[in-house]
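The values are calculated or read from the model by the stated rules, or taken from the named source; none is laboratory data. The structure displayed is predicted, hence computed values, not measured ones. Here Cβ is always computed from backbone atoms with ideal geometry, including for glycine, and neighbour counts include all displayed protein chains. Note: accessible area is taken over every heavy atom of the protein model, side chains too, but ligands, DNA and RNA are not part of it. Shrake-Rupley method; radii C 1.70, N 1.55, O 1.52, S 1.80 Å.
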Amino acid sequence: MDDAETADCVIVGGGPAGLTAAIYLARFRRRVVLVDSGESRAALIPESHNYPGFAGIAGPALLARLRDQAGRYGAELRGGRVETLVRTDGLFRAEIAEGRAVVARAALIATGIVDESPELPALRTLVAAARVRYCPICDAFEAMDRHIGVVGPLRRAAAKARFLRTWTRLVTVLPLDAGPLPDEEARALAEAGVAVLRGPLADLRPEGEGIVATAADGAPLVVDVLYPAMGAEVRSGFALALGAEAAGDGCLTVDHRQRTAVPMLYAAGDVTTDLHQISVATGHGAVAATAIHNALPPNFR
């Protein structure tokens, strides 16, 4: 006998987008089940200073507040990993690892992205010590006038380094490859006053308050803050398997109501945009939840 839970909407992903949608749907008096594998990118934020209303809040603390608020209004929050998501006869079925399946008339994909990281031994230590940052829009203001190192393939790192010049004159590209840059890009980098480490980066290590970057020829350079420029993997697999479409950057294609090309399948947050901001994700969640509520049969009481 099938013991699957039934819901108006199943949400895959418990980051700011998914949790905001769960709050809205619960307040619309919809039965919503959110499944979260505990891998939200927001959980890696030591402290965000550009989320409206907070002078500073850690990612885990913000997620905890959102979970508490969603639960307060009756959203069902399930820990676990969705293994499959299929659509049959107009219903979505999410199979959860070591848990019951959820069957719903609507589904929201809020699975986000996973940042790619260079294979360097000390990187995990630096991430744990909050010395590695991923989003200049989020936190480069806090690195004002410090020496920033940008690590990644030369062209990608050079573009991010130029963007970071808004906040400091001390920016150095730490390339993982030997280059060279195309003439126009090299010119733009030089005009911005961005330095480039000689030769490919060989290693990184923490030293005191700084980070020592070592080139292949052994030459060391000390920077204060490190930004990877490696790109990210968009977690769009469930939606694509159902027939949703994606843009050239891998982000899911949605309309102004966060609808994919698949009926009653919605997507929100980083999985749909390259502007990876908490405020954008929460906005998407609100728009998607309202659209889902209006697309479902009325739930008059």
Most fluctuating of Ala291, Ala241, Ala215 in the GNM of the chain (C-alpha, under 10 Å) is Ala241
Between Tyr24, Leu108, Thr6, whose Cα lies farthest towards the positive end of the dipole of segment 1-138 when Lys and Arg beta carbons carry +1 and Asp and Glu beta carbons carry -1, centred on the Cα centre? Tyr24
Over the chain, what percent of the accessible surface lies on carbon and sulfur atoms, probe 1.4 Å? 51 percent
Any idea what the relative contact order of the chain is, in percent, if you count C-alpha pairs under 8 Å spaced at least 6 apart? 21 percent
Rolling a 1.4 angstrom probe over the protein heavy atoms, how many square angstrom per residue are accessible across segment 117-228? 52 Å²
Separation of segment 96-145 and segment 47-83 by C-alpha centroid, Å? 14 Å
Please give the charge dipole size of segment 117-228, origin at the Cα centre, charges +1 on K and R Cβ atoms and -1 on D and E Cβ atoms. Round to the nearest 20 debye. 160 debye
If the only charges are +1 at each Lys and Arg Cβ and -1 at each Asp and Glu Cβ, what is the size of the charge dipole of segment 1-155 around the Cα centre, to the nearest 20 debye? 400 debye
Suppose only helical runs count, i.e. DSSP H with n ≥ 4. What mean residue ellipticity at 222 nm does that imply for the chain under -39500 (n - 2.57) per run, divided by all residues and rounded to the nearest 500 deg cm²/dmol? -7500 deg cm²/dmol
Debye, to nearest 20: dipole size of the chain, +1 on Lys, Arg Cβ, -1 on Asp, Glu Cβ: 980 debye
